[in-house]
Amino acid sequence: MHLDNDLGHLSYSTLVHSGDTWDEMQASLVRYVPEVKAAVSPNAPFGVSLRLSGASAHELAESPSARKELRATLDANDLYLYTVNAFPHGPFKGRRVKELVYEPDWASTERAEYTIAVADVLAEVAPIGVNPSIQSAPLAFRPRVLGQEYLERMTRNVLAVAAHLVELRERTGQTVTLALEPEPYCYLETTTETIDYFRAHLYSDRSVETLSRAARLDPDEAAAALRRHLGIVFDIGHQSVGFERISQSLAALTVAEIPILKLQEASALWIPDVDAGVIADLERFAESIYLTQTTERRDESLVRYLNLEDAIAAWRRDPGPREWRVHFHVPVFLDSLGPFRTTRDSIAEALAHHCTRRLSTHLEIETYTWDVLPDHLKTGDIVQYVVRELEWVRDQVTNCAQ
């Protein structure tokens, strides 16, 4: 839905539903999204954030009839497509995902081809004027990046996609954008690292020259195109897990002129005081099919663990006062989870910042963990849960804009 006062489009990520194949995603789109719309936007068009796997993206890109059917479904239900989650290329539901979620990474031409297929679908299906965004991986799982040559391959592939986005804009009038999403334990993790990468690589003179040649633009046009088509997803939960001060991070991105192409409302686990009493409660969140990157603050220093179970094991070896934040998406409307808390306050802080500065035209809630949440955190069915999240975020934005 389009929020008043130029506060952007707001929806939820259909990554929460089954959608590893196009048949699954289409069934989820028809079954759930109209019910959500009826509850939160009954009299106005409702925006869709569509999860497209690699297989789904190529099927749609290669099938005019499938794209026609998608447009017909959207039109029949008063829906419009404004963003695609093209982060998980392969299966995401019902099986162990962990670090495989980043594969293929941006060093692979397969990642670039997948993203181009998504861009082609968006250029045809999204309405003109929404500047549809593609959410993508944070370049690579950090341990995979072993040297400069690997980094350069990733950058070349991103630039190849940028050249395609320039060509799409010239041919269709659609400004499709590519948004890389920083995440704990990845090559793009902190806001500072992200700014440094964009400045030193994607926005560098060398990249301007590369795009200038590939897209037949003069250097000034190429420099502008890089900043128009390439930016980031700012996932509030991810950056909160890293103990970033959210307003400072958002301000730094603004100063660096790196577009926040999508502002993602996500909330993580926060354990202010780790002790024996909370460990038992925390274990129900461990051993998930997804990564549960955990950052520990102890004596003003940070220690990073790939998974919550690693942090728990370290605590058992050496108990003592510490604070944890855990990459496990929990409902954004919850501040307390009984024995511990969530990083919901970071969402409120970011949305207040957005209200005064209009950080992004694309807002999205991404709590994809319904299938692995402990039962006591599930309120009603999946539609009721999503609606409650949307209402909470909408109320936050509405209140701070007044």
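The values are calculated or read from the model by the stated rules, or taken from the named source; none is laboratory data. Please read all numbers here as calculations on a predicted model, not as lab measurements. Ideal geometry is used to build each Cβ from the backbone, glycine not excepted, and the neighbour counts take in all protein chains shown. We work out accessible area using only protein heavy atoms, side chains counted, and drop any ligands, DNA or RNA first. Shrake-Rupley method; radii C 1.70, N 1.55, O 1.52, S 1.80 Å.
Checking every residue in segment 322-341 against the condition of being polar (S, T, N, Q) and open to solvent by less than 40 Å² (accessible area, probe 1.4 Å) gives zero matches.
If you go through segment 72-112 and keep only what is open to solvent by less than 10 Å² (accessible area, probe 1.4 Å), in contact with a Pro (Cβ under 7 Å, 6 or more places away or on another chain) and assigned to a loop (DSSP other than H, G, I, E, B), you end up with nothing.
Tally the residues that are at pLDDT 90 or above, surrounded by fewer than 17 Cβ atoms within 10 Å (Cβ to Cβ) and assigned to a helix (DSSP H, G or I), restricting the search to segment 348-373. Residues in segment 348-373 being at pLDDT 90 or above, surrounded by fewer than 17 Cβ atoms within 10 Å (Cβ to Cβ) and assigned to a helix (DSSP H, G or I): 2 in total.
The residues of segment 18-51 that are open to solvent by less than 10 Å² (accessible area, probe 1.4 Å), outside any helix (DSSP H, G or I) and either modelled with pLDDT under 95 or in contact with a helix residue (DSSP H, G or I) (Cβ under 8 Å, 6 or more places away or on another chain) (or both), listed by number, are Gly19, Phe46, Val48, Ser49, Leu50, Arg51. Considering only segment 60-79, I want to know if a residue exists there that is of a type in the set (Val, Ile, Thr), in contact (Cβ under 8 Å) with a residue 12 or more places away in the chain and closer than 17 Å to Val118 by Cβ. No: zero hits. Here is a check on your reading of the model: is Thr254 open to solvent by 60 Å² or more (accessible area, probe 1.4 Å), β-branched (Val, Ile, Thr) and out of contact with any Gly (no Cβ under 8 Å at 6 or more places or on another chain)? Criteria met by Thr254.
On the stretch given as segment 52-70, residues that are polar (S, T, N, Q) and crowded, with 17+ Cβ neighbours inside 10 Å total 2. Pairs linking a residue in segment 22-48 that is closer than 13 Å to Arg388 by Cα to a residue that is among the aromatic types (Phe, Trp, Tyr) and in a helix (DSSP H, G or I), with Cβ atoms under 6 Å and 6 or more positions apart or on different chains, do not occur. Contact map, segment 126-153: first residue among the charged types (D, E, K, R), second residue modelled with pLDDT of 95 or more, Cβ cut-off under 6 Å, separation 6 or more or different chains; pairs are Arg142/Tyr185; Arg142/Cys186; Arg142/Tyr187; Arg153/Ala107. Among the conditions (1) at pLDDT 95 or above; (2) surrounded by fewer than 20 Cβ atoms within 10 Å (Cβ to Cβ), the only one that His376 does not satisfy is (1). In segment 171-190, what residues are outside any loop (DSSP other than H, G, I, E, B) and open to solvent by 30 Å² or more (accessible area, probe 1.4 Å)? Correct list: Arg171, Thr172. The one condition from (1) in a helix (DSSP H, G or I); (2) under 16 Å from Ser136 (Cα atoms); (3) open to solvent by 20 Å² or more (accessible area, probe 1.4 Å) that Phe198 does not meet is (3).
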